[in-house]
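Scroll down for the structure; my scribbles are underneath it.
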Amino acid sequence: MIRIGANPIGWSNDDMLEIGGDIPLETCLKEAREAGFTGMELGNKFPREAARLKPILDAHGHALVSGWYSTELLVRDVAAEMAAVKAHATLLREMGCTVLIAAETSNAIHSDITKPLSARPVLPKAQWDDFGSRYTSFAEAVQAEHGLQLVYHHHMGTVVQTEAEIDRFMGVTGAAVGLLLDTGHATWGGGDPARIARHWKARIHHIHCKDIREAVMWRSNREDWSFLESVLAGVYTVPGDGLIDYVRVLKELQGYSGWIVVEAEQDPKKAEPAAYARLGHANLSRFVKEAGLA
(Lines give C-alpha, C1' and ligand atoms only; values in the text may rest on other atoms or scores of the structure.)
Protein backbone atom coordinates (compact mmCIF):
# COMPACT_ATOMS: atom_id res chain seq x y z
CA MET A 1 0.00 0.00 0.00
CA ILE A 2 1.25 3.46 -0.92
CA ARG A 3 0.82 6.26 1.62
CA ILE A 4 1.77 9.85 0.86
CA GLY A 5 3.39 11.79 3.68
CA ALA A 6 5.16 15.10 4.16
CA ASN A 7 8.23 16.41 5.87
CA PRO A 8 7.84 19.66 7.86
CA ILE A 9 11.01 21.10 6.28
CA GLY A 10 8.80 22.99 3.83
CA TRP A 11 7.53 24.97 6.81
CA SER A 12 10.51 25.00 9.20
CA ASN A 13 14.12 24.22 8.28
CA ASP A 14 16.10 21.88 10.53
CA ASP A 15 19.56 23.15 9.49
CA MET A 16 18.62 26.85 9.67
CA LEU A 17 16.22 27.17 12.58
CA GLU A 18 15.52 30.81 11.76
CA ILE A 19 13.98 29.77 8.43
CA GLY A 20 10.32 29.23 9.26
CA GLY A 21 11.10 29.55 12.94
CA ASP A 22 7.99 31.66 13.45
CA ILE A 23 5.60 29.07 11.98
CA PRO A 24 3.85 27.06 14.72
CA LEU A 25 3.87 23.27 14.54
CA GLU A 26 0.08 23.28 14.57
CA THR A 27 0.02 25.41 11.41
CA CYS A 28 2.30 22.96 9.64
CA LEU A 29 0.22 19.94 10.65
CA LYS A 30 -3.08 21.62 9.79
CA GLU A 31 -1.94 22.82 6.37
CA ALA A 32 -0.36 19.46 5.54
CA ARG A 33 -3.59 17.62 6.38
CA GLU A 34 -5.66 20.10 4.38
CA ALA A 35 -3.36 19.44 1.42
CA GLY A 36 -4.15 15.72 1.67
CA PHE A 37 -1.17 14.31 3.59
CA THR A 38 -1.85 11.67 6.24
CA GLY A 39 1.60 11.34 7.77
CA MET A 40 4.49 13.54 8.86
CA GLU A 41 8.18 13.01 9.46
CA LEU A 42 9.84 14.56 12.49
CA GLY A 43 11.04 18.14 12.57
CA ASN A 44 12.73 20.36 15.13
CA LYS A 45 9.43 21.54 16.65
CA PHE A 46 8.06 18.05 17.35
CA PRO A 47 7.96 16.74 20.95
CA ARG A 48 10.28 13.75 21.30
CA GLU A 49 8.15 11.76 23.76
CA ALA A 50 5.39 9.54 22.36
CA ALA A 51 2.96 10.48 25.13
CA ARG A 52 3.18 14.13 24.09
CA LEU A 53 3.57 13.68 20.34
CA LYS A 54 0.82 11.16 19.61
CA PRO A 55 -2.13 13.32 20.77
CA ILE A 56 -0.84 16.24 18.69
CA LEU A 57 -0.55 14.17 15.51
CA ASP A 58 -3.83 12.38 16.17
CA ALA A 59 -5.64 15.70 16.50
CA HIS A 60 -4.54 16.60 12.97
CA GLY A 61 -5.09 13.17 11.40
CA HIS A 62 -1.43 12.28 10.94
CA ALA A 63 0.63 9.18 11.58
CA LEU A 64 4.34 9.57 12.34
CA VAL A 65 6.23 8.38 9.27
CA SER A 66 9.80 8.39 10.60
CA GLY A 67 12.60 10.83 11.37
CA TRP A 68 16.20 11.62 10.45
CA TYR A 69 19.05 10.32 12.60
CA SER A 70 22.67 11.43 12.13
CA THR A 71 25.21 8.63 12.52
CA GLU A 72 28.91 8.99 13.29
CA LEU A 73 30.04 5.49 12.42
CA LEU A 74 33.21 6.73 10.78
CA VAL A 75 34.45 7.86 14.18
CA ARG A 76 32.68 5.63 16.73
CA ASP A 77 31.80 1.97 17.07
CA VAL A 78 28.43 0.28 16.79
CA ALA A 79 27.93 0.03 20.56
CA ALA A 80 28.37 3.78 20.94
CA GLU A 81 26.01 4.40 18.01
CA MET A 82 23.37 2.14 19.54
CA ALA A 83 23.55 4.09 22.78
CA ALA A 84 23.23 7.36 20.88
CA VAL A 85 20.23 6.22 18.79
CA LYS A 86 18.27 4.68 21.66
CA ALA A 87 15.93 7.59 22.46
CA HIS A 88 15.20 8.30 18.78
CA ALA A 89 14.57 4.66 17.90
CA THR A 90 12.38 4.21 20.97
CA LEU A 91 10.21 7.16 19.92
CA LEU A 92 9.83 5.79 16.39
CA ARG A 93 8.90 2.33 17.66
CA GLU A 94 6.39 3.66 20.18
CA MET A 95 4.79 5.79 17.46
CA GLY A 96 4.33 2.79 15.18
CA CYS A 97 7.00 3.64 12.62
CA THR A 98 8.63 0.89 10.58
CA VAL A 99 11.75 2.64 9.24
CA LEU A 100 14.60 4.63 10.75
CA ILE A 101 16.21 7.19 8.44
CA ALA A 102 19.99 7.43 8.88
CA ALA A 103 22.84 9.30 7.23
CA GLU A 104 26.53 9.58 8.08
CA THR A 105 27.24 13.16 9.16
CA SER A 106 30.45 12.92 11.21
CA ASN A 107 32.30 14.81 8.49
CA ALA A 108 29.40 16.24 6.47
CA ILE A 109 29.24 19.89 5.39
CA HIS A 110 25.61 20.27 4.27
CA SER A 111 24.61 22.16 7.44
CA ASP A 112 27.48 24.70 7.17
CA ILE A 113 26.45 27.63 4.98
CA THR A 114 30.08 28.82 4.73
CA LYS A 115 31.37 25.66 3.02
CA PRO A 116 30.83 25.12 -0.72
CA LEU A 117 29.69 21.71 -1.88
CA SER A 118 33.07 21.24 -3.56
CA ALA A 119 34.54 20.92 -0.04
CA ARG A 120 32.39 17.92 0.83
CA PRO A 121 34.14 14.81 2.20
CA VAL A 122 35.14 11.97 -0.10
CA LEU A 123 35.73 8.61 1.56
CA PRO A 124 39.03 6.95 0.57
CA LYS A 125 38.63 3.62 -1.19
CA ALA A 126 40.37 1.76 1.64
CA GLN A 127 37.72 2.87 4.19
CA TRP A 128 34.58 1.72 2.37
CA ASP A 129 34.62 -1.91 3.48
CA ASP A 130 34.93 -1.01 7.17
CA PHE A 131 32.28 1.68 6.84
CA GLY A 132 29.92 -0.80 5.21
CA SER A 133 30.59 -3.44 7.84
CA ARG A 134 29.85 -1.00 10.67
CA TYR A 135 26.66 0.18 8.99
CA THR A 136 25.48 -3.39 8.44
CA SER A 137 26.11 -4.27 12.08
CA PHE A 138 24.32 -1.09 13.19
CA ALA A 139 21.31 -1.82 10.97
CA GLU A 140 21.12 -5.39 12.25
CA ALA A 141 21.23 -4.14 15.83
CA VAL A 142 18.52 -1.53 15.20
CA GLN A 143 16.31 -4.25 13.72
CA ALA A 144 16.97 -6.69 16.56
CA GLU A 145 16.57 -4.21 19.41
CA HIS A 146 13.93 -1.83 18.07
CA GLY A 147 12.22 -3.69 15.22
CA LEU A 148 12.99 -0.92 12.73
CA GLN A 149 14.27 -1.15 9.16
CA LEU A 150 17.21 1.20 8.68
CA VAL A 151 17.09 3.18 5.43
CA TYR A 152 20.17 5.10 4.36
CA HIS A 153 19.65 8.68 3.17
CA HIS A 154 22.20 9.65 0.51
CA HIS A 155 22.66 13.42 0.73
CA MET A 156 24.49 16.33 -0.85
CA GLY A 157 27.56 17.34 1.15
CA THR A 158 28.15 13.87 2.60
CA VAL A 159 30.28 10.84 1.78
CA VAL A 160 27.35 9.21 -0.04
CA GLN A 161 26.34 11.84 -2.58
CA THR A 162 26.89 10.59 -6.14
CA GLU A 163 25.25 7.68 -7.91
CA ALA A 164 28.58 5.83 -7.86
CA GLU A 165 28.83 6.34 -4.09
CA ILE A 166 25.27 5.09 -3.60
CA ASP A 167 26.18 1.97 -5.56
CA ARG A 168 29.41 1.51 -3.62
CA PHE A 169 27.71 1.97 -0.25
CA MET A 170 24.97 -0.50 -1.10
CA GLY A 171 27.61 -2.90 -2.39
CA VAL A 172 29.61 -2.91 0.86
CA THR A 173 26.57 -3.21 3.13
CA GLY A 174 24.36 -6.21 3.80
CA ALA A 175 20.66 -6.71 3.26
CA ALA A 176 19.84 -5.22 6.67
CA VAL A 177 20.75 -1.80 5.27
CA GLY A 178 17.89 -0.42 3.22
CA LEU A 179 18.02 2.56 0.89
CA LEU A 180 16.02 5.75 1.10
CA LEU A 181 15.72 6.94 -2.49
CA ASP A 182 15.74 10.73 -2.56
CA THR A 183 14.97 11.93 -6.07
CA GLY A 184 16.29 15.45 -5.54
CA HIS A 185 19.59 14.51 -3.96
CA ALA A 186 20.14 11.77 -6.54
CA THR A 187 19.54 14.16 -9.44
CA TRP A 188 21.61 17.04 -8.06
CA GLY A 189 24.36 14.56 -7.23
CA GLY A 190 24.61 13.80 -10.95
CA GLY A 191 22.68 10.55 -10.86
CA ASP A 192 19.59 9.05 -12.45
CA PRO A 193 16.97 8.26 -9.80
CA ALA A 194 15.18 5.91 -12.20
CA ARG A 195 18.34 3.85 -12.69
CA ILE A 196 18.95 3.81 -8.93
CA ALA A 197 15.35 2.71 -8.37
CA ARG A 198 15.68 -0.06 -10.93
CA HIS A 199 19.00 -1.34 -9.62
CA TRP A 200 18.27 -1.22 -5.87
CA LYS A 201 14.49 -1.76 -5.92
CA ALA A 202 14.63 -4.76 -3.55
CA ARG A 203 16.35 -2.65 -0.86
CA ILE A 204 14.40 0.60 -1.26
CA HIS A 205 12.09 0.87 1.76
CA HIS A 206 11.45 4.62 1.85
CA ILE A 207 11.19 7.41 -0.73
CA HIS A 208 11.71 11.17 -0.50
CA CYS A 209 10.38 13.27 -3.37
CA LYS A 210 11.74 16.71 -4.04
CA ASP A 211 12.16 18.31 -7.44
CA ILE A 212 15.01 20.40 -8.83
CA ARG A 213 14.89 23.89 -10.31
CA GLU A 214 17.42 23.33 -13.05
CA ALA A 215 18.62 26.92 -13.45
CA VAL A 216 19.34 27.24 -9.73
CA MET A 217 21.16 23.90 -9.65
CA TRP A 218 23.43 24.82 -12.54
CA ARG A 219 24.18 28.24 -11.06
CA SER A 220 25.00 26.64 -7.71
CA ASN A 221 27.33 24.19 -9.41
CA ARG A 222 28.95 26.88 -11.54
CA GLU A 223 29.45 29.38 -8.71
CA ASP A 224 30.31 26.76 -6.08
CA TRP A 225 27.63 27.57 -3.54
CA SER A 226 27.09 25.81 -0.25
CA PHE A 227 24.15 23.45 0.16
CA LEU A 228 22.23 25.90 2.34
CA GLU A 229 22.88 28.85 0.01
CA SER A 230 21.43 26.73 -2.76
CA VAL A 231 18.36 25.84 -0.70
CA LEU A 232 17.73 29.49 0.11
CA ALA A 233 18.02 30.32 -3.59
CA GLY A 234 15.32 27.74 -4.37
CA VAL A 235 17.20 24.75 -5.78
CA TYR A 236 14.50 22.43 -4.40
CA THR A 237 10.77 22.45 -4.99
CA VAL A 238 7.90 19.98 -4.76
CA PRO A 239 7.39 17.12 -7.27
CA GLY A 240 6.17 18.26 -10.66
CA ASP A 241 7.58 21.77 -10.33
CA GLY A 242 11.06 20.99 -11.65
CA LEU A 243 13.06 18.85 -14.05
CA ILE A 244 12.51 15.30 -12.68
CA ASP A 245 10.29 12.86 -14.60
CA TYR A 246 8.52 11.27 -11.65
CA VAL A 247 6.42 8.80 -13.61
CA ARG A 248 9.61 7.39 -15.14
CA VAL A 249 11.14 6.97 -11.67
CA LEU A 250 8.06 5.50 -10.01
CA LYS A 251 7.48 2.99 -12.81
CA GLU A 252 10.71 1.33 -11.68
CA LEU A 253 9.21 0.69 -8.23
CA GLN A 254 6.35 -1.68 -9.06
CA GLY A 255 5.38 -3.57 -5.93
CA TYR A 256 6.70 -0.91 -3.56
CA SER A 257 4.69 -0.66 -0.35
CA GLY A 258 5.22 2.09 2.18
CA TRP A 259 5.48 5.83 2.50
CA ILE A 260 6.37 8.22 -0.30
CA VAL A 261 7.20 11.56 1.28
CA VAL A 262 7.24 15.07 -0.14
CA GLU A 263 10.37 16.52 1.41
CA ALA A 264 11.19 19.76 -0.36
CA GLU A 265 12.98 22.38 1.71
CA GLN A 266 12.29 25.94 0.63
CA ASP A 267 12.29 29.36 2.26
CA PRO A 268 8.65 29.79 3.36
CA LYS A 269 8.94 33.54 2.80
CA LYS A 270 9.52 32.83 -0.91
CA ALA A 271 7.48 29.63 -1.29
CA GLU A 272 4.21 29.72 0.68
CA PRO A 273 4.13 26.34 2.48
CA ALA A 274 0.39 25.61 2.20
CA ALA A 275 0.31 26.34 -1.54
CA TYR A 276 3.35 24.17 -2.25
CA ALA A 277 1.98 21.41 -0.01
CA ARG A 278 -1.21 21.32 -2.08
CA LEU A 279 0.77 21.34 -5.32
CA GLY A 280 3.15 18.64 -4.16
CA HIS A 281 0.42 16.30 -2.92
CA ALA A 282 -1.71 16.75 -6.04
CA ASN A 283 1.21 16.16 -8.39
CA LEU A 284 2.64 13.19 -6.52
CA SER A 285 -0.78 11.54 -6.22
CA ARG A 286 -1.19 11.86 -9.97
CA PHE A 287 2.29 10.52 -10.68
CA VAL A 288 1.71 7.48 -8.45
CA LYS A 289 -1.45 6.64 -10.39
CA GLU A 290 0.15 7.24 -13.78
CA ALA A 291 3.03 4.95 -12.81
CA GLY A 292 0.58 2.19 -11.87
CA LEU A 293 1.46 2.13 -8.17
CA ALA A 294 -1.94 3.15 -6.84
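The values are calculated or read from the model by the stated rules, or taken from the named source; none is laboratory data. What you are looking at is a predicted structure, and each value in this text was computed from that prediction instead of being measured. Note that each Cβ is placed from the backbone with ideal geometry, even for glycine, and that neighbours are counted across all protein chains shown. Only protein heavy atoms, including side chains, enter the accessible area calculation; ligands, DNA and RNA are left aside. Shrake-Rupley method; radii C 1.70, N 1.55, O 1.52, S 1.80 Å.
Could you look at the chain and say what percent of its accessible area is carbon and sulfur, using a 1.4 Å probe and all protein chains?
51 percent
With n ≥ 4 as the cut-off for DSSP H runs, can you work out [θ] at 222 nm for the chain, using -39500 (n - 2.57) per run divided by the number of residues, rounded to the nearest 500?
When only DSSP H runs of four or more count, the value is -12500 deg cm²/dmol.
Using +1 at the C-beta of Lys and Arg and -1 at the C-beta of Asp and Glu, which of V160, G174, P47 has the Cα lying farthest in the positive direction of the dipole of the chain?
Selected residue: G174.
Determine the sum of side-chain charges near W128: Lys and Arg each +1, Asp and Glu each -1, restricted to other residues whose C-beta is under 14 angstrom from that of W128.
-2
Among L73, G36, G132, which residue has its Cα furthest toward the positive end of the charge dipole of the chain, with +1 on Lys/Arg Cβ and -1 on Asp/Glu Cβ?
About the Cα centre, the residue reaching furthest to the positive side is G36.
Given Cβ point charges of +1 (Lys, Arg) and -1 (Asp, Glu) and nothing else, what value in debye, to the nearest 20, does the dipole of the chain about its Cα centre take?
Once rounded to the nearest 20, the dipole reads 620 debye.
Between R76 and A215, what is 0.36 nm times their sequence separation minus the Cα-Cα distance? Round to one decimal in nm.
46.1 nm
Using Stokes-Einstein with the Kirkwood hydrodynamic radius over Cα pairs, what translational diffusion coefficient do you get for the range 1-100 at 4 °C and a viscosity of 1.567 mPa s, in µm²/s rounded to a whole number?
The estimated diffusion coefficient comes to 90 µm²/s.
Which whole number of Å³ per residue matches the convex hull of the alpha-carbon atoms in the chain?
In the chain, the Cα convex hull volume per residue is 115 Å³.
Counting only Cα atoms, I'd like the Rg/Rh figure for the range 142-294, Kirkwood definition for Rh.
0.97
Considering the dipole of the chain built from charges on the beta carbon (Lys and Arg +1, Asp and Glu -1) around the Cα centre, which of W225, P193, I2 is farthest to its positive end?
I2
Quote the charge dipole size of the range 42-158 about the Cα centre in Debye, to the nearest 20; the model charges only the Cβ of Lys and Arg (+1) and of Asp and Glu (-1).
It comes to approximately 340 debye.
Residues with beta-carbon under 13 Å from that of E145, excluding E145: net charge, scoring Lys, Arg +1 and Asp, Glu -1?
Taking every other residue near E145 into account, the sum is 0.
Taking the Cα centroid of the range 175-202 and of the range 76-97, what is the distance between the two, rounded to the nearest whole Å?
24 Å
With the chain treated as a Gaussian network of Cα nodes joined by springs under 10 Å, which of F169, F46, F138 yields the largest mean-square fluctuation?
F46
Hey, for a label at V122 modelled as a point 7 Å past Cα toward Cβ, could you say which residues of the range 156-170 have their backbone N under 17 Å away?
156-169
On a 28 Å Cα-Cα criterion, which of the cross-link pairs K45/K210; K115/K270; K115/K210; K30/K289; K54/K270 come out too long?
Too far apart for the 28 Å limit: K54/K270.
Can you figure out the FRET efficiency of E272 with N107, using R₀ = 45 Å and their beta-carbon distance, to the nearest 0.05?
0.80
Given points 7 Å out from each Cα along the Cα-Cβ axis, report the T90 to S257 separation in nanometres with one decimal.
My value for the distance between the label points is 3.1 nm.
Summing Lys, Arg as +1 and Asp, Glu as -1, what charge do residues with Cβ under 14 Å from the Cβ of R198 carry, R198 excluded?
0
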